Amino acid sequence: MILDHLLARAASRLAAAGSPSPRLDAEVLLCHALGVDRTWLYTWGDRQAPSIERARFEALVAARAQGRPIAYLTGEREFWGLALATSPHTLIPRPDTECLVEAALARAAAPEGRLLDLGTGTGAIALAFASERPGWSVLGVDIRPEAVGLAVHNATRLGIANAAFRESDWFAALTDDECFDLIVSNPPYIAADDPHLAQGDVRFEPHSALVAADGGLFDLRHLVREAGRHLLPGGWLMLEHGFEQAEAVRGVFEAAGYVEVASRVDLGGHARVSLGRRVDDETGAERP
Ligand SMILES: C[S@@+](CC[C@H](N)C(=O)[O-])C[C@H]1O[C@@H](n2cnc3c(N)ncnc32)[C@H](O)[C@@H]1O
C-alpha cells in the first residue's frame, strides 16, 4: 500500500475513534514511524510503505485510537520552539504555559539573576527561560525523580547549561539561604471531581501532575505562603492556574502580603497566570 493510502485509512480510523485532529495525528505518527518529516511525506506519498515501518505505524494508530496522547507516542513535544522529550511520568507541556514564560521574561531585564521553577516536569518553563536568559541561573525541582531525570535529559540534549534540576517536595530540598529573583510554577490545580479529567490527553497524564485538593487550590495556596522565604526582597512569584481561579489566587497573594498583585491573560483571553512582588522585610520597601 502506498503511503498516501495508508495515511487516508489511518485518518478515517482516528476520526471514527473521536480524535479532534485525525489527519494531523496520522501524519505525525507516520513521520515518526518512518523517521522522516512532513515535507518528505508530502513529497513521497506515492511510495510503497516498507513493512516494518507499516507495522510500527499501525501499532501507533491503534494506541492513538484508544486516546493515548500523540506526545507520549512520539516521545516529544515542542514548547517555546524547543523539542522536549516527554514521558507518562509528567505533564505534556501546553502552549498555554508560554504565558508564564513571557511573564517571567518580562520581569527578568537584568543580565543575571536566579529563577526557581517548582514542579518542573519536562523542564519546559525552566529550559525556555534559561534559553532566553543565558546569564541567569535556573533551578527546576519536581517531586518525581523520573521528571527530574527527564528535565536533565532535555537540558543536556538541548545544550542548555544554565539550568539544573533537583528532586524536591516543593521547597523541602532547598536550603534556607537559597533565594531567587523569580519563582515560577505551573502546579497541579485541577479539582479531583473536574469532568475534564475524563477527557482527551489528561486521561493518560499522571494525577500527581494535575490534581490538587481544596477544589484545585491546595498547592497554589501552599506555594504562595511558602515562597516568601525563598524570594529575594522585591522578587516576583508567578503562578499558572485554571481560568476560573484567578480571583481566588490573587486573594491568596494579597492575604500573604504581596504587592503589585495582578493576573495575565493567555492567547484565548483567559486570566491564567497571577503574580505578586515580595516587599522588603526590613523597610517595607520594594526593590527598584
Ligand atoms: C502541571 S505539571 C507542570 C509541569 C511543567 N512545569 C509544565 O508546565 O509543563 C505539575 C508538576 O508538578 C509536580 N509536582 C506535583 N506535586 C509536587 C510537589 N509536592 N513538589 C514538587 N513538584 C510537584 C508534578 O510531578 C508535575 O511534574
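FYI, it's all coordinate maths here, none of it is from the lab. Worth saying up front: this structure is predicted, and the values here are computed from it rather than measured. All Cβ positions, glycine included, derive from the backbone under ideal geometry; neighbour counts span all protein chains shown.
Please pull out the direction-averaged projected area of the stretch 1-118, using the convex hull of its alpha-carbon atoms, in nm² to one decimal place. The number I arrive at for the stretch 1-118 is 9.4 nm².
Rounded to the nearest 0.05, what FRET efficiency do D46 and D96 give with R0 = 45 Å and r taken as the Cβ-Cβ distance? Could you check?
Details: r = 39 Å, r/R0 = 0.86.
With a Förster radius of 45 Å, E is 0.70.
Taking only DSSP H segments of four or more residues, each worth -39500 (n - 2.57), what value at 222 nm results for the chain once the sum is divided by all its residues, to the nearest 500 deg cm²/dmol?
Taken over the chain, the calculation gives -11000 deg cm²/dmol.
Note on D201 and D176: the extension gain reaches 5.2 nm, defined as 0.36 nm multiplied by sequence separation minus the Cα-Cα distance. With the largest listed first and rounded to whole Å, the semi-axes of the equivalent ellipsoid of the stretch 60-135 from the Cα gyration tensor are 29, 10, 10.
Extending 7 Å from Cα along the Cβ direction at D37 and again at A59 yields two label points whose distance is 2.7 nm.
With charges only on Cβ, +1 for K and R and -1 for D and E, what is the dipole size of the chain about its Cα centre, in debye, rounded to 20? Write down the numbers at each step before the final one.
Numbers: 27 positive and 40 negative charges, 207 e Å.
The dipole magnitude comes to about 1000 debye.
May I ask you to order 253-262, 189-198 by the average number of other C-beta atoms within 10 Å around their residues, highest value first?
Details: 253-262: 15.5, 189-198: 13.9.
Result, highest mean first: 253-262, 189-198.
Between the stretch 118-132 and the stretch 62-96, the alpha-carbon centres lie 16 Å apart. Distance between the 7 Å Cα→Cβ label points at E132 and L267: 1.4 nm.
Geometric descriptor of the stretch 77-277, per residue, is 108 Å³ (volume of the convex hull of the Cα atoms). If the chain linking E146 and L105 were pulled fully straight, counting 0.36 nm for each residue of separation and taking away their Cα-Cα distance, it would gain 12.0 nm. Working note: Debye formula, equal point scatterers on the alpha-carbon atoms of the stretch 3-67, no solvent; log10 I(q)/I(0) at q = 0.14, 0.20, 0.27 Å⁻¹ is -0.33, -0.68, -1.22.
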